[in-house]
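**Q** Okay, here's the structure, questions in a sec.
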Amino acid sequence: MITLEDFKKLSLKIARIKEVAGHPDADKLYVVKLDIGGEEKQVVAGIKKAYTPESLVGRLVVVVDNLEPAVIRGVESNGMILASNDGENMAVLSPDKDIVSGSIVK
């Protein structure tokens, strides 16, 4: 278990997907450009089997904004798109109505 204080350390925000490209070195990964309240970030996301680039561009998603940067198969990732997977299906977490990019998830 984590404490409430540990959970509060996470910065969860709404981001709009601006661009999606295949990862140059991985079949299951995308390199995704996000707009998080006027700030652009790049993340590497393992959602390629579930989504086409066209179905993602313009979509609002929930991201971990303060995750330590990581290099994933040679590409820097500066956050994480949250998704759920039940073994057969994958779904990115999205707000159920339009909301401003950069909005805080509480």
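The values are calculated or read from the model by the stated rules, or taken from the named source; none is laboratory data. These figures come from a predicted structure and were not determined experimentally. As a convention, Cβ positions derive from the backbone with ideal geometry for all residues, glycine included, and neighbour counts pool all protein chains shown.
**Q** Please enumerate the residues belonging to the range 7-33 that are among the aliphatic types (A, V, I, L, M) and part of a strand (DSSP E or B). Break it down stepwise before answering.
**A** First, the residues of the range 7-33 that are among the aliphatic types (A, V, I, L, M): 10, 12, 14-15, 17, 20-21, 26, 29, 31-32.
Passing the criteria: L12, I14, A15, I17, V20, A21, V31, V32.
**Q** Follow-up. Does the range 77-89 contain at least one residue that is over 11 Å from A15 (Cβ atoms), assigned to a strand (DSSP E or B), of a type outside the set (S, T, N, Q) and at pLDDT 95 or above?
**A** yes
**Q** Does A26 meet the test of being of a type outside the set (D, E), more than 11 Å from the chain's Cα centre (by Cα) and modelled with pLDDT under 95? Walk me through it before giving the result.
**A** Values: of a type outside the set (D, E): yes; more than 11 Å from the chain's Cα centre (by Cα): yes; modelled with pLDDT under 95: yes.
Judged against the criteria, A26 is a match.
**Q** Would you check if there is a residue in the range 37-48 being more than 20 Å from L67 (Cα to Cα) and either assigned to a loop (DSSP other than H, G, I, E, B) or β-branched (V, I, T) (or both)?
**A** Among the residues of the range 37-48, at least one is more than 20 Å from L67 (Cα to Cα) and either assigned to a loop (DSSP other than H, G, I, E, B) or β-branched (V, I, T) (or both), which makes the answer yes.
**Q** Output the residues belonging to the range 55-76 that are of a type in the set (A, V, I, L, M, F, W, C), in contact (Cβ under 8 Å) with a residue 40 or more places away in the chain and not in a strand (DSSP E or B).
**A** V57
**Q** Closer than 30 Å to K8 by Cβ and touching a Gly at 6+ places or on another chain (Cβ under 8 Å): does that describe S101?
**A** Values: closer than 30 Å to K8 by Cβ: yes; touching a Gly at 6+ places or on another chain (Cβ under 8 Å): yes.
Spelling it out, S101 is indeed closer than 30 Å to K8 by Cβ and touching a Gly at 6+ places or on another chain (Cβ under 8 Å).
Let's see how each residue does on (1) in contact with a strand residue (DSSP E or B) (Cβ under 6 Å, 6 or more places away or on another chain); (2) closer than 16 Å to I104 by Cα:
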{"position": "M1", "(1), (2)": "no, no"}
{"position": "L4", "(1), (2)": "no, no"}
{"position": "D25", "(1), (2)": "no, no"}
{"position": "L29", "(1), (2)": "yes, no"}
{"position": "K33", "(1), (2)": "yes, no"}
{"position": "T52", "(1), (2)": "no, no"}
{"position": "N66", "(1), (2)": "no, yes"}
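**Q** OK, next. For the range 1-16: of the residues being aliphatic (A, V, I, L, M) and touching a residue at least 60 places away in the same chain (Cβ under 8 Å), which is surrounded by the most Cβ atoms within 10 Å (Cβ to Cβ)? Spell out the reasoning first.
**A** Going residue by residue through the range 1-16, those that are aliphatic (A, V, I, L, M) are 1-2, 4, 10, 12, 14-15.
Still in the list and also touching a residue at least 60 places away in the same chain (Cβ under 8 Å): 12, 14-15.
On the way: L12: 17, I14: 24, A15: 26.
Once the filter is applied, the top-ranked residue is A15.
**Q** Moving to a separate point now. Being surrounded by fewer than 10 Cβ atoms within 10 Å (Cβ to Cβ) and charged (D, E, K, R) narrows it down to one residue among D35, D27; which is it?
**A** Step by step, each of D35, D27 is checked, and only D27 is surrounded by fewer than 10 Cβ atoms within 10 Å (Cβ to Cβ) and charged (D, E, K, R).
**Q** Sticking with this structure for a sec: So is K48 in contact with a strand residue (DSSP E or B) (Cβ under 6 Å, 6 or more places away or on another chain), free of Cβ contacts under 8 Å to residues at least 40 places away in the same chain and under 24 Å from F7 (Cα atoms) or not?
**A** no
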